[in-house]
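Note sheet for the following structure.
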Amino acid sequence: MHLTKPLHRAATCILSGVAALAGTAASAQEMLGELPIIGTPTQGGVGFQPAATNLARDVHRLDGMLTIIMAGIVLLVTGLLAWLILRYNKRANPTPSTFTHNSPLEITWTIVPIVILIFIGAFSLPVLFEQQEIPEGDVNIKVTGYQWYWGYEYPDEQIAFQSYMIGAGQGNLNDEIRAELQEAGYTEDEFKLATDTAVVVPVGARVVMQVTGADVIHSWTIPAFGVKQDAVPGRLAQLWFQADEEGVYFGQCSELCGVNHAYMPITVKVVSPEVYEEWLAYAREEFGA
């Protein structure tokens, strides 16, 4: 079968673009150097990823406190149920009571939940406000969700690029994908997590991200940063974070967005300020808008 001239030109452009992206990933990897992979899911894991921001640490502490409160309530209610079953079953209490009200008990089970909710609110609302009160950013990034990849813009630097999963559209892990992962500085363990281009930010900087969607609702999230924001078409939302440890952090689109939702990962690389400045100079040449 022969391609028409327009299709032939399109195929040539696509293949050239893939080759260029592979070279870009390799060049960026050499510049950024070897970074530890910190924010990543683990097989069989049940806990949080290591917290890399104050936002994430506050969320972890809040979750621990709520877990203790909920466990205490479950144990109390289970104990009361067991005591009632043993104390007031037909054999132990053949003549049941006939009262319909117990004012002290009713006041207690009304007041105690209110006190618990106030206590929880006193700790949870500050965490929420800290997430929602967006500071002035040292680095500003706009992220747009597409089916099924991410677009990033650094408006202050006139940089824009797109980010695809390494191996997207190639099916299962194979030697070609392994080679692409290795060239970008990853192993096969990062398949379906690593992307051909990554968001690069300096350690300790306040990063403010504007989040939107181009087609359907997506959601940009990095668990280790404690951030998650829906990307809604036609709307601009914001999130912020301040990473305090250099490394590679992974996330995923967290809003069901179509058939390839599972193949829309996020990669953020946190580097030193010096390396970030070098990357900016490189990115202006490579991704200059």
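The values are calculated or read from the model by the stated rules, or taken from the named source; none is laboratory data. What you are looking at is a predicted structure, and each value in this text was computed from that prediction instead of being measured. Neighbour counts are summed over all protein chains in view; Cβ atoms, including those assigned to glycine, are modelled from backbone coordinates with ideal geometry. Just the protein is used for accessible areas: all its heavy atoms, side chains included, with ligands, DNA and RNA removed. Shrake-Rupley method; radii C 1.70, N 1.55, O 1.52, S 1.80 Å.
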Kindly evaluate residue 128 against the criterion of being outside the structural domain of residue 265 (by the TED database), surrounded by fewer than 19 Cβ atoms within 10 Å (Cβ to Cβ) and over 16 Å from residue 280 (Cβ atoms). yes
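Condition test on residue 53, is it modelled with pLDDT of 90 or more and either touching a Lys or Arg at 6+ places or on another chain (Cβ under 6 Å) or within 25 Å of residue 250 (Cβ to Cβ) (or both)? Write out each step before concluding.
Numbers: modelled with pLDDT of 90 or more: yes; either touching a Lys or Arg at 6+ places or on another chain (Cβ under 6 Å) or within 25 Å of residue 250 (Cβ to Cβ) (or both): yes.
The answer is yes for residue 53.
For segment 215-226, enumerate the residues that are open to solvent by less than 10 Å² (accessible area, probe 1.4 Å) and within 17 Å of residue 248 (Cβ to Cβ). Walk me through how you get there before you give the answer.
Step one: of segment 215-226, the residues open to solvent by less than 10 Å² (accessible area, probe 1.4 Å) are 218-220, 222, 224-225.
Residues satisfying the conditions are 220, 222, 224, 225.
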Mind checking which pairs have a first residue in segment 200-223 that is in contact (Cβ under 8 Å) with a residue 60 or more places away in the chain and within 16 Å of residue 260 (Cα to Cα) and a second that is of a type in the set (Phe, Trp, Tyr) and open to solvent by 10 Å² or more (accessible area, probe 1.4 Å), Cβ under 6 Å, 6 or more apart or different chains? 214/146
Return the pair list, or none, for Cβ contacts closer than 7 Å from residues in segment 69-85 that are within 18 Å of residue 96 (Cβ to Cβ) to residues that are open to solvent by 80 Å² or more (accessible area, probe 1.4 Å), at least 6 apart or on different chains. none
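Residues are listed down the side, and each one gets a yes or a no for (1) modelled with pLDDT of 95 or more; (2) assigned by the TED database to the domain that holds residue 59; (3) basic (Lys, Arg):
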residue: 115; (1), (2), (3): yes, yes, no
residue: 141; (1), (2), (3): yes, no, no
residue: 152; (1), (2), (3): yes, no, no
residue: 163; (1), (2), (3): yes, no, no
residue: 167; (1), (2), (3): no, no, no
residue: 175; (1), (2), (3): no, no, no
residue: 178; (1), (2), (3): no, no, yes
With respect to residue 95, is the statement that it is open to solvent by less than 80 Å² (accessible area, probe 1.4 Å) and either out of contact with any Gly (no Cβ under 7 Å at 6 or more places or on another chain) or of a type in the set (Val, Ile, Thr) (or both) true? no
Subset of segment 78-136 (residues that are in a helix (DSSP H, G or I) and among the small types (Gly, Ala, Ser)): 79, 82, 103, 121, 122, 124
Could you list, in sequence order, the residues of segment 146-166 that are among the polar types (S, T, N, Q) and open to solvent by 10 Å² or more (accessible area, probe 1.4 Å)? 147, 158, 162
